[in-house]
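Accompanying notes for the structure given below.
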Amino acid sequence: MTTDRKMPKSFYWGNSVSSMQTEGAWQADNKGLSVYDIREETDTTSNWHDAIDEFNRYEEDLNLMQKMHMNMYRIQIAWSRIVPDGDGEINEKGFDFYDRLINAMLERDIEPMVCLYHFDMPLALAKKQSGFLSRDTVTAFVKFGKAVIDHFANRVKYWITFNEHNLYFTDEVFQISGYTRAEKSIDHMYTIFHHTMLAHAEITNYVHDNYHELNIGGMLAYTPVYPATEKPEDTFAVRKQSEFIYENINSLFLGKLYSPEVQQYIDDNEIDIDWRTQDNETLSATYPDFLSFSYYRTMVLDAEPIPEYEVPNRYMNHSIEINKFLTHSEWRWNIDPLGFRNVITDLYNRYRIPVFPIENGIGIREHWDGENRIQDDNRIQYHESHIRAMKDAMFIDGAKVLGYLGWGLIDIPSSHADVEKRYGAVYVNRTNHDLKDLKRVPKKSFYWFQSVLSQNGDNL
Ligand code: BG6
């Protein structure tokens, strides 16, 4: 066992975001509309028009990241900024913004990682062809992806295609793929998954064929599940559920085709996934340079099916409970650092390629009184315990880890546009319905990150 737990010099520490949760400027410089831009605000959620206005304040945000000693920032390049209608002409002004942003990162020794899709389907494609239900959307996305990669290959070394790719097998699939038809059928669900899988493979293969120095990987939402009891049915349900995580890795990232279990399900249910002969070649040529994932929590599964569950997929219809052995956040997300170690070690043991946790953090409701520092000790505790667990995976279990990126470390609206669920070490002064001054205010955890990262995490 390595006793000094000294982190590799090349280790990446950083922040991770999506475009619509950060940039704002929803109509600036000819940006097209995405499916997010037309969502209305509600009593408890904002619209997506302003986010934290990083489009205009990126210098200030990067300065804060630099002060925290971060050396990586994972951003997304929004499809609708580069190709306003998803499938037409390139909008050079869209590139101008990301040129400015990425150059400003490099000037501060912050390595960019770029994600190409975070559920924000260009509205025109959602309306015209129901997003990834159509193979034409695969063609359009691959065209966009190649244009972005060609443009930034000299400056961006780390790439991911789809954020949280395994969610395409959950109830969110129809929303996140830009699907607009009312009918939710199993044929459509599997077709969407297959299409996103092809898009991922085509882009990955393009990078490997043309840019040997770049790293491209797939990205999962990794939420491990524990059986609720020792009832064999609960463990059976957990295995079924987990199959979709491994199915994703095997098929998407390692070029293997569908597992026997999933294939059997496709055959038995006569599911038409729009399979074409050439797909085999595309998919089997694919491999990842690293395995990246988001990790926030673990869940507990009970085999009892949820009768009203909307998803036409028998693998996922199980009740979810909180874990009585763990504490949890206000949003009932179990806090489980050991689960984090398990994921890292398990992924590395199975696949022997570097793993990269690129989202981790805890959502907390916080209020700034305009004067005093926010004392977010529970956030510090969360990150400290997870970083320690990651180091256990590295130094006790022998896992190779490329870096650790926290999610939304400058506050951003949560995935449901609730600004009050905050993940940041920096407070952003706005609420769901009042943009206020969007002032950035470091919390106590900012100084904690600053101290830990300045020592490359060696003190934990
Ligand atoms: C990830 C998503 O699943 O989790 C993000 O990639 C999201 O978009 C993050 O914000 C945290 O989830 P939430 O719902 O708390 O914002």
(message) Can you report the number of residues in the stretch 355-388 which are in contact with a strand residue (DSSP E or B) (Cβ under 7 Å, 6 or more places away or on another chain), more than 16 Å from the ligand (Cβ to nearest atom) and closer than 12 Å to residue 425 by Cα?
(response) 1
(request) Scan the strands (runs of 3 or more DSSP E) fully inside the stretch 109-228 and keep the ones with 1 or more residues being modelled with pLDDT of 95 or more and out of contact with any Pro (no Cβ under 7 Å at 6 or more places or on another chain). (result) 111-117, 158-162, 215-221
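Residue-wise test of (1) charged (D, E, K, R); (2) under 23 Å from the mean Cα position of the chain (by Cα); (3) surrounded by 23 or more Cβ atoms within 10 Å (Cβ to Cβ); (4) part of a strand (DSSP E or B).
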| residue | (1), (2), (3), (4) |
| --- | --- |
| 64 | no, yes, no, no |
| 75 | no, yes, yes, yes |
| 86 | no, yes, yes, no |
| 93 | yes, no, no, no |
| 96 | yes, no, no, no |
(request) All but one of (1) under 30 Å from residue 354 (Cα atoms); (2) of a type in the set (Asp, Glu); (3) without any contact (Cβ under 8 Å) to a residue 24 or more places away in the chain hold for residue 369, so report the exception by its number. (result) (1)
(request) Select from the stretch 157-178 the residues that are in contact (Cβ under 8 Å) with a residue 24 or more places away in the chain, more than 16 Å from the ligand (Cβ to nearest atom) and surrounded by 23 or more Cβ atoms within 10 Å (Cβ to Cβ) and list them in ascending order. (result) 158, 159
(request) Could you list, in sequence order, all residues of the stretch 25-58 that are charged (D, E, K, R), in contact with a Lys or Arg (Cβ under 9 Å, 6 or more places away or on another chain) and assigned to a helix (DSSP H, G or I)? (result) 29, 57
(request) Name the one entry in 145, 131, 218 that is crowded, with 21+ Cβ neighbours inside 10 Å and within 16 Å of the ligand (Cβ to nearest atom). (result) 218
(message) Restricting to the stretch 37-53, count the residues that are in contact (Cβ under 8 Å) with a residue 60 or more places away in the chain and either acidic (Asp, Glu) or under 24 Å from residue 100 (Cα atoms) (or both).
(response) 7
(message) Return the residues of the stretch 389-415 that are part of a loop (DSSP other than H, G, I, E, B), away from the ligand (no atom under 16 Å from the Cβ) and among the aliphatic types (A, V, I, L, M); say none if nothing qualifies.
(response) 396, 399, 402
(message) Would you confirm, using the coordinates I've provided, whether residue 251 is assigned to a helix (DSSP H, G or I) and either under 30 Å from residue 146 (Cβ atoms) or within 16 Å of the ligand (Cβ to nearest atom) (or both)?
(response) yes
(message) If I go through the stretch 323-344 residue by residue, how many of them are within 23 Å of the chain's Cα centre (by Cα), among the hydrophobic types (A, V, I, L, M, F, W, C) and either surrounded by 17 or more Cβ atoms within 10 Å (Cβ to Cβ) or within 16 Å of the ligand (Cβ to nearest atom) (or both)?
(response) 6
(request) Determine if the stretch 398-411 includes at least one residue that is farther than 30 Å from residue 251 by Cα, touching a residue at least 24 places away in the same chain (Cβ under 8 Å), hydroxyl-bearing (Ser, Thr, Tyr) and surrounded by 18 or more Cβ atoms within 10 Å (Cβ to Cβ). (result) no
(message) Take residue 397 and tell me if it is under 25 Å from residue 13 (Cβ atoms) and among the acidic types (Asp, Glu).
(response) yes
(request) Please tell me if residue 202 is among the charged types (D, E, K, R), farther than 18 Å from residue 90 by Cβ and within 16 Å of the ligand (Cβ to nearest atom). (result) no
(request) Tally the residues that are hydrophobic (A, V, I, L, M, F, W, C), within 12 Å of the ligand (Cβ to nearest atom) and either in contact with a helix residue (DSSP H, G or I) (Cβ under 7 Å, 6 or more places away or on another chain) or at pLDDT 95 or above (or both), restricting the search to the stretch 416-449. (result) 1
(request) Please enumerate the residues belonging to the stretch 392-434 that are closer than 13 Å to residue 16 by Cα and charged (D, E, K, R). (result) 411
(request) Quickly run through the stretch 7-40 and pick out the residues that are exposed (fewer than 14 other Cβ atoms within 10 Å of the Cβ), modelled with pLDDT of 95 or more and among the charged types (D, E, K, R). (result) 9
(message) Which pairs turn up if I take residues in the stretch 263-289 that are under 12 Å from residue 201 (Cα atoms) and crowded, with 18+ Cβ neighbours inside 10 Å and look for partners that are among the aliphatic types (A, V, I, L, M) and at pLDDT below 90 with beta carbon separation below 8 Å, at least 6 apart in sequence or on another chain?
(response) 283/257; 286/252; 286/254; 288/254
(request) Could you list, in sequence order, all residues of the stretch 4-23 that are part of a strand (DSSP E or B) and within 16 Å of the ligand (Cβ to nearest atom)? (result) 14, 15, 16
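The values are calculated or read from the model by the stated rules, or taken from the named source; none is laboratory data. What you see is a predicted model; the values in this text were computed from it and never measured. For neighbour counting, all protein chains shown are included, and Cβ atoms are generated from backbone atoms with ideal geometry for every residue, glycine included.
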